[in-house]
1. What is the number of the single condition among (1) crowded, with 19+ Cβ neighbours inside 10 Å; (2) under 19 Å from the mean Cα position of the chain (by Cα) that Ala124 does not meet?
2. Give the stretch 1-44 a look and list any residue that's open to solvent by 70 Å² or more (accessible area, probe 1.4 Å) and among the aliphatic types (A, V, I, L, M), or say none.
3. Suppose we filter the stretch 45-102 for residues that are among the basic types (Lys, Arg), out of contact with any helix residue (DSSP H, G or I) (no Cβ under 7 Å at 6 or more places or on another chain), modelled with pLDDT of 95 or more and open to solvent by 80 Å² or more (accessible area, probe 1.4 Å); how many remain?
4. List every residue pair whose Cβ atoms sit under 6 Å apart, with the two residues 6 or more apart in sequence or on different chains, where the first one lies in the stretch 81-102 and is under 13 Å from Ala63 (Cα atoms) and the second, anywhere, is assigned to a helix (DSSP H, G or I).
5. Please state which one of Val175, Val142 is aliphatic (A, V, I, L, M) and within 19 Å of Ala223 (Cβ to Cβ).
6. Could you please tell me which pairs satisfy a Cβ distance under 8 Å, a separation of 6+ or placement on different chains, a first residue in the stretch 197-219 that is without any contact (Cβ under 8 Å) to a residue 40 or more places away in the chain and at positive phi, and a second residue that is open to solvent by 20 Å² or more (accessible area, probe 1.4 Å) and of a type outside the set (Lys, Arg)?
7. Could you list all residues from the stretch 232-247 that are at pLDDT 50 or above, surrounded by 14 or more Cβ atoms within 10 Å (Cβ to Cβ) and part of a helix (DSSP H, G or I)?
8. Which residue out of Glu211, Glu172 is surrounded by 17 or more Cβ atoms within 10 Å (Cβ to Cβ), closer than 23 Å to Asp33 by Cα, in contact with a Ser or Thr (Cβ under 7 Å, 6 or more places away or on another chain) and of a type outside the set (A, V, I, L, M)?
Amino acid sequence: MTGTAGEREAQLRAALEAVRARVDRACVSAGRDPGEVRLLAVTKTFPASDVALLSDLGVRDFAENKDQEAGAKAAELASLRPDADVRWHMVGRLQRNKARTVVRWADEVQSVDSVKVATALDRAVATARERGSRTRSLDVLVQVSLDDAPHRGGCPQEELPELVSKITQMNELRVRGVMTVAPYGVNHDATFARFARIFRQLREDYPDLDEVSAGMSGDLESAVAHGSTCVRVGTALLGGRELASRE
């Protein structure tokens, strides 16, 4: 690890204050209460020690995009901070064969984009509950594709209502809302405005949905302006990914 633990804590504290200030300013500009927007720290490739320090600073929500890394990191954090009150979120593309291991550590999966993935998660949670290794249902967000690029994941807009309908009929999943990743090289305001319209239309049939996960380090202000309730921040909070190789 470069520098001491105290130096890393100072770095993270300053970055966290800066990110929270950005979110607060974006909320004020949009006429929103900053309490409406949750900060999700994307800690992929960074060590559990960083998660521990951020939890000490009051961060409660952490995201990973790879099951194997996330499971090990969640276990290590439990050892480092046994009393930490944190929630883990899966934000990466999910393969059905990973469902059983994902439900061991995830409190929420934000990247559900097909009936097959949802069904695998539903069955995995049911099995885990039967075995006593899990005591609660799984919160999920449906990832919406705004560019129809298969490799980026996401449910096509026209298939969204049917997918949400089928998930609501499953016993172990609780649909909280929607998630998206802005396509590269687009106008962020136009993109997030479109996403907001999609969510409003969906809520006409599902008024209990309350989560809109949109916006990252480079575009969180635009996402907040268009109703995001959860911003997923990695680089602006933890630094460039090259720092993740430190020991």
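The values are calculated or read from the model by the stated rules, or taken from the named source; none is laboratory data. Remember, it's a predicted structure, so these values are computed and weren't measured experimentally. Cβ placement follows ideal geometry from the backbone for every residue including glycine, while neighbour counts extend to all protein chains displayed. Surface accessibility is based on the protein's heavy atoms, side chains included, excluding ligands, DNA and RNA. Shrake-Rupley method; radii C 1.70, N 1.55, O 1.52, S 1.80 Å.
1. Of (1) crowded, with 19+ Cβ neighbours inside 10 Å; (2) under 19 Å from the mean Cα position of the chain (by Cα), only one is false for Ala124: (2).
2. Scanning the stretch 1-44 gives Met1, Val28.
3. 2
4. Final answer for the pair search is Val86/Ser55; Trp88/Ala74; Trp88/Trp105; Met90/Val102; Val102/Asp67.
5. Val142
6. Taking only residues 6 or more apart or on different chains, the pairs are Gly215/Glu221.
7. Those that are at pLDDT 50 or above, surrounded by 14 or more Cβ atoms within 10 Å (Cβ to Cβ) and part of a helix (DSSP H, G or I): Thr235, Ala236, Leu237, Leu238.
8. Working: Glu172 fails: closer than 23 Å to Asp33 by Cα.
Criteria check complete, one pass: Glu211.
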